[in-house]
1. Considering only residues of region 85-101 that are under 29 Å from the mean Cα position of the chain (by Cα) and hydrophobic (A, V, I, L, M, F, W, C), which is farthest from F38 (Cα to Cα)?
2. Inside region 81-126, can you point out the residues that are farther than 29 Å from V18 by Cβ and out of contact with any Leu (no Cβ under 6 Å at 6 or more places or on another chain)?
3. Somewhere in region 250-264, is a residue within 22 Å of L127 (Cβ to Cβ), in a helix (DSSP H, G or I), under 15 Å from the mean Cα position of the chain (by Cα) and in contact (Cβ under 8 Å) with a residue 40 or more places away in the chain?
4. Only one residue in R74, R20 is in a helix (DSSP H, G or I) and surrounded by fewer than 19 Cβ atoms within 10 Å (Cβ to Cβ), so which one is that?
5. Surrounded by 14 or more Cβ atoms within 10 Å (Cβ to Cβ) and either at pLDDT below 80 or basic (K, R) (or both): which single residue out of R439, R495 fits that description?
6. I'd like to verify a number: residues in region 115-130 that are in contact with a Pro (Cβ under 7 Å, 6 or more places away or on another chain) and surrounded by fewer than 22 Cβ atoms within 10 Å (Cβ to Cβ), how many?
7. Would a scan of region 47-64 turn up a residue that is over 27 Å from I322 (Cβ atoms), part of a strand (DSSP E or B) and at pLDDT 90 or above?
Amino acid sequence: MAGDVFGIVGTTQGAFKVERVVAEGGFGVVYRAYHEAFRAPVALKCLKVPAAMPEELRAQFLDKFREEAELLFRLSAAIPAVVRPLHHDVISTAAGVFVPFIALEWLDGDTLASHIAARAAMRQPPLAPGEAIRLLAPVARALEAAHRFPGPGGPTCVVHRDLKPANIFLAQIHGAEVVKILDFGIARARDAAAITAGQTATTSGGLSMAFTPAYGAPEQWAPKRFGKTGPWTDVWGLAVTVVEALAGREIIAGDHVAMMGTVLDEKRRPTPRSEGVFVPDVVEGVFRRALAVDPRERFRDVGVFWDELEQALGLPRSAPPIALPGRSQAPPAARGPAAAPRAARALDVPAPAPRASRPPPAEMATQEIDLPERRGPLPPYSLPTEPVVPLALDWSAPAPALGARSPYAPSRMPPPMVARAPTPPSPRDLMAMFALPVRLAGAGVLITIVDLGAASLLFDGERLGIGPFRLLYVAVGLVVLGIAIAVFRLFSWDR
């Protein structure tokens, strides 16, 4: 349960009257406060700074903290899907504790994680592929814009590094549903504080973690092997988030060792089909590439990943919130199932190579990150070292309880439904759909044959069973179950 670790509930800090604790995470506490000048509620995110930080180093820490807050302000001003900051400062408590904080807009609603859990609790089916892609399109396009964000000194690559359902909020704003991304901010300041104090943010089993383990990309688990984080790290986080929305549950779980093993296992990727979600071959291929272990085999940026996913589902291309250098701004009508020929792919065939239609602009040569194509085994530290601004709120609080009003709450506002003719399943899709039903029905037929043979040869016509329960009942049940699954999959085909 979240607690008032700083002892500021009921106090007034500058213009903020602190009302209650909303949530607590490993790196900070979120409070609901009332802004007396604006006469409106706000969210205060207070950072847990090591008490051992010397006075002479606090100025350096505050400089980094200020830079992150300023960058978040510019980011949210240009990209509506990023939560908006209102103020940043430092609280000095009665006990002399040094508490940097940032005030953010207050949004009512639930996280995507809470939404997924609520559907499961009410026994509702998970989101369909088309529904999930339309819902998360603003998130994908906001990340694409952040990765090519214009700054005072030129374009800057701002990477989130901790994308997950708990950092995507669905909120009501003036009667409209809006999607917001949380926790773009103060990563460098937090890391600087941890290094200064001679400690890491989170340590478990000897592993230093500045990320959420269930959503950490391979390069976050093994940086010496896979190199630095970058836009490809957000591709991983967004892909895992989409798969969880489709599966209706967390897909990478267990202790830290088990989660790392799942992430780094090249033979089994956490794609939709591996998590029991039936999708066409082309969609599965896109996810296989987005969740590749080697970052050089992954999509290089979120925009290309989302373009491929929308095209695979026959959806019109969504547009980023700002004009991006080298980004084609073709209208949605130019996209669709017939926008480019696409051959059917098997499960083990990777997604197509990156498109040449999005070349990096010349002025971004020092900022754009270019990963070479893989040639042979991956050497350690082989990824490029161009500067990237890492913004990941690793101390983010957990999702609030269902029904609770959260400090932020992006809302669902999926684009209008697009009418399109259904595409019939391919022979490979039919084989995948009916594999389990055929096995169940076959097992029922086999049991029936065994039962009849044993009854006629060994038991003088007496059927096998225990008391009133007969083996034939099991056979009939399996056949009926197989038929039901086949009918359900056929009529729930979503292409």
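The values are calculated or read from the model by the stated rules, or taken from the named source; none is laboratory data. As the structure is a prediction and not an experimental result, all values here were calculated from the model. Neighbour counts run over all protein chains shown; Cβ positions are idealised from the backbone, glycine included.
1. So the residue we want is F101.
2. I116, R119, A120, A121, M122, R123, Q124, P125
3. no
4. Working: R20 fails: in a helix (DSSP H, G or I).
Every option except R74 fails the conditions.
5. Just one listed residue meets the conditions, R495.
6. Qualifying residue count, region 115-130: 1.
7. No, every residue in region 47-64 fails to be over 27 Å from I322 (Cβ atoms), part of a strand (DSSP E or B) and at pLDDT 90 or above.
This table checks each residue for (1) in contact with a helix residue (DSSP H, G or I) (Cβ under 7 Å, 6 or more places away or on another chain); (2) under 24 Å from A117 (Cβ atoms).
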residue: A128; (1), (2): no, yes
residue: A132; (1), (2): yes, yes
residue: H147; (1), (2): yes, no
residue: G153; (1), (2): no, no
residue: C157; (1), (2): yes, no
residue: A166; (1), (2): yes, yes
residue: A171; (1), (2): no, yes
residue: E177; (1), (2): no, yes
